[in-house]
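Visitor: Take this structure, written in structure tokens, and hold onto it; I'll ask about it next.
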Amino acid sequence: MTLNRPRIKVSGLTKIFADKADAALSLLKAGQSRAEIQKATGAVVGLQDVSFDIAEGEILVVMGLSGSGKSTCLRCINRLIEPTAGSVFVDDVDVTKLSERELMEFRRTRFGMVFQQFALFPHRTIVKNVEYGLEIQGVPAAARHERAMTALETVGLKGWDQHYPSQLSGGMQQRAGLARALALDPDVLLMDEAFSALDPLIRRDMQQELVALQKRLKKTIVFVSHDLDEAIALGGRIVLMKDGRVVQQGTAADFLANPADDYVRRFVEHIDVLGVVTAGDAMRAPAAVKPWHATAAEALASLTQSGEPVMTVVCQDGRFQGTVDADTLKAAGDTELRLLLSDTQACVPTSATLNETVAKLATGRGEIAVIDADRSLRGVIANADLVATLARRHSQPVH
């Protein structure tokens, strides 16, 4: 794959359901609406000029209400539904240009698909169900059994291989369906309402496990859902669709901060802001930072001037080391800060939600650092910053 090129690039994807779609496509290009086109030609516009990119190892959630075109979009990516116009590149391959034979081979080797219905064969054991795709590919029995067993262990079904689907709960059956897809070792997983049929608690568990699985296996996942809470739980970016078009794409925090229109604003108005907005969104530049070789006297003068509750201490490379409170500094004179650290864990990553940040603040001294993966200091956040962030979110108009 070319450096920095998206793993999947969808461009101008359009689908018109009609025996002869050319007339409807011409009307669509001329700017007529779905309703006008259906009235004039009887054709149904399923997708209109849908475009988005997906990075390698990303979970992208395509969502919308019933009839929005989200499932049609997913099926056009692997041509279970034939697009009318547009392109779908997976790495450097335009899937829309593949011959039937090339497409079949491409699906076998590059795509795995998980549906809402578990689609397990009731007369086959779980391991035989998971082996099925490999069997179709002609993989030798010993090799496919080994790969199936590895996939079952990956999804937490070790020891259930000789059971039948009827002996498993709904959540376990969906795990088996996921294992069947993973056994093929695809580059891309396409998941269509994969957890919608599960009970809420099991569904939440499966969402968490999918996120953990993706972090380990680095699969690129396109996940279709109608549930905003599910999209938030899976993290990453969301493509929100309505009437076959993309209304807005970005993170849930982007939707909250800058909803594209009233539809998006209504869609997100009941979101738990504390569970969506991150410390990176709410942080501010630190006003009291000293390197760890500075003295307590120097730090106390700076801290007093800043009005901050604690001094944030970094090493020479700018990585967070801990905090020191004023009481500790007052009694320490010329002692270096590296010997006085009060709390070396008073920090959260930029990706931490405000819920996680609140929990950390509650155990600290009023202010914590916001850091990158290598503990580089990005900013700080205090209770007042949380309040200010929430106030801004509630007062922002639609742009």
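Visitor: Out of all the residues in region 77-109, which are crowded, with 19+ Cβ neighbours inside 10 Å and in a loop (DSSP other than H, G, I, E, B)?
Guide: Passing the criteria: ASN78, PRO83, THR84.
Visitor: Moving on to the next point. Could you check VAL370 against (1) β-branched (Val, Ile, Thr); (2) touching a helix residue (DSSP H, G or I) at 6+ places or on another chain (Cβ under 7 Å); (3) under 30 Å from THR295 (Cβ atoms); (4) modelled with pLDDT under 85 and say which number it fails?
Guide: (4)
Visitor: Now for a separate question. Name every residue in region 31-76 that is open to solvent by 30 Å² or more (accessible area, probe 1.4 Å), hydrophobic (A, V, I, L, M, F, W, C) and touching a residue at least 24 places away in the same chain (Cβ under 8 Å), in order of residue number.
Guide: Those that are open to solvent by 30 Å² or more (accessible area, probe 1.4 Å), hydrophobic (A, V, I, L, M, F, W, C) and touching a residue at least 24 places away in the same chain (Cβ under 8 Å): VAL44, ALA55, LEU65.
Visitor: Right, VAL224: surrounded by fewer than 20 Cβ atoms within 10 Å (Cβ to Cβ) and part of a strand (DSSP E or B) or not?
Guide: no
Visitor: Taking region 110-128, which residues are within 23 Å of the chain's Cα centre (by Cα) and surrounded by 15 or more Cβ atoms within 10 Å (Cβ to Cβ)?
Guide: Result: ARG110, PHE111, GLY112, MET113, VAL114, PHE115, GLN116, PHE118.
Visitor: Shifting gears a bit: Within region 129-147, count every residue that is more than 31 Å from the chain's Cα centre (by Cα) and without any contact (Cβ under 8 Å) to a residue 12 or more places away in the chain.
Guide: Within region 129-147, residues that are more than 31 Å from the chain's Cα centre (by Cα) and without any contact (Cβ under 8 Å) to a residue 12 or more places away in the chain number 7.
The values are calculated or read from the model by the stated rules, or taken from the named source; none is laboratory data. On a predicted model such as this, the values are computed, not experimentally measured, just so you know. Here Cβ is always computed from backbone atoms with ideal geometry, including for glycine, and neighbour counts include all displayed protein chains. For accessibility, only protein heavy atoms count, side chains too; no ligands or nucleic acids. Shrake-Rupley method; radii C 1.70, N 1.55, O 1.52, S 1.80 Å.
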